[in-house]
Amino acid sequence: MDAIIYALVIVGGLFVGFLFWILPRGFFTVRQDQRAVKTTFGKASRLLAHNNDPQIVGELNTEERDRYQFPKIAVIGPGGPYFKWPWQRVYKVTVATQTANIAFDPDSRTANKGNTLLEAITKDQLNIDLSGQIRYRVSEENIYAYLFGIRKPISHIMGYFVAVLREKIAGFEGKTPATTDHEGNNNLLEAATVSINDLRKNLRELNDHMDRECIVSEGRYGVILEASLITGIDSPNEVESALAAINTAHNQVSSEISLAHATADQRIVQSKRAVEIATLQAESETEGLRLLAKELAELKNIGGKSSLDAYVRNVKLSLYDTTETIYHTNGGDNND
C-alpha cells in the first residue's frame, strides 16, 4: 500500500513539475510589427495547397510558377497570449518595412568595403563604387517562402538584388536623344560618351529598372522590395581626372555644335522672312495692276475707246507736270 502511495506521489509530483515547467514556456505573444507561424512536428497549418494570389504570382512566368509553388499557411496576428505544446514551434517574423545599404552583406561584415560601397563594372570595363539604399519587408501573404523556401532569406534577396544591379550596369546605355544635323545624319559625338556619365545622368532610369526587375521577389522569396534608391556613383581616383577632361571636351564640342545649329537656324528663319516680304511686295504691286486693268476695262465698256484716249491724255499731262526734260523724236531729229 505504501508503495502505491509513494508511486502516486512521485507521479503527481512529476505531473505538477511538468505543468510548472511547460505552462510558462507554452504561452507566447506577437508584437504589432510581427507575424507568427506555428508548426506541429515541423509542419505548418496549410490553408491552400498552392498560393495563387495574382498579386504574388502575377509577375512570374510559366517556368517560375511551376518552380515556386509555395502553399498558403495560417498566420498568427499580433496579440496574445497564445499557447503552444512542447512539440510545436513558433516562428516570428518582422513585417515592418526595413532599410538596408545596397552594399550590406549579412554573411560578411568586411565585404564591400565594410558594407559601405558596392563594386560594379561598366560596359567599358571601368570599376565603379555604388552607394544607396533599398527598402524591403516580408510578405505576409507569402510568408511560407520566407520561412521555409530559402535557408537565409536576407542573404538570398541581397544577392539577387546585387546580381540584377550589376547585370544592368554592365550593359547600361542611357536614353539620350540622338543629335542630328540638318541633313538628318546622326552626330558622331554621341559615340564618344562614357558609361559612367550615362549612369550618373540616368540614375532615375536605373532605379526604375531595379524596381521593375524586383517585383518578382515576393513570389520567389516572400520578400517585397518596395524601392531602391541608388544615390552615388564614384569612379577610381586615378581615372577621375581623365573623366573630367573628357567631360570638358565633350561639353565644349556640344556647345559649339549647338551654337552652329542655332546660327544656321537663325539664318534659315531670316531667309524665310525675306522671301515672305518680297512675295508680299510683289503681290501688292500685281494687285494694283490688276485693279487698274479692271478699272480700264470698265471705262472702255462705258465710254469706248475715246474714253481710254482721254484717260491716257490726262495721265500724260500729270506726268508732264513732274518732268523737267522731255526728249521728243520726230523723223530722226531730236528737239529739247
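Between Ala3 and Trp85, 0.36 nm times their residue separation minus their Cα-Cα distance comes to what?
Result for the pair: 26.3 nm of gain on full extension.
Can you bin region 256-335 into rounded, prolate or oblate? Criterion: square roots of the alpha carbon gyration tensor eigenvalues sorted a ≥ b ≥ c, rounded for a/c under 1.5, prolate for a/b above b/c, oblate for the rest.
Taking the square roots of the gyration eigenvalues as a ≥ b ≥ c, region 256-335 is oblate.
Going down the list Lys84/Lys152; Lys168/Lys201; Lys123/Lys152; Lys92/Lys152; Lys92/Lys113, which pairs span over 20 Å between their C-alpha atoms?
Going by Cα-Cα distance, Lys84/Lys152; Lys123/Lys152; Lys92/Lys113 fall outside the 20 Å limit.
By counting other Cβ atoms within 10 Å of each Cβ, how are His156, His50 ranked from fewest to most?
His50, His156
Would you work out the charge dipole size for region 256-335 about its Cα centre, treating the Cβ of every Lys and Arg as +1 and the Cβ of every Asp and Glu as -1, and quote it to the nearest 20 debye?
Rounded to the nearest 20 debye, it is 260 debye.
What FRET efficiency would be calculated for the residue pair Gln55, Glu276, taking the C-beta separation as r and a Förster radius of 51 Å, to the nearest 0.05?
Efficiency for this residue pair is about 0.25.
Sort Glu213, Glu276 so the one with the fewest other Cβ atoms within 10 Å of its own Cβ comes first.
Fewest to most other Cβ atoms nearby, the residues stand as Glu276, Glu213.
Read-outs: derived from the displayed coordinates by stated rules, not from any lab. In this text, all values refer to a predicted model and were calculated from it rather than measured experimentally. Note: ideal-geometry Cβ built from the backbone for every residue, glycine included; neighbour counts use all protein chains shown.
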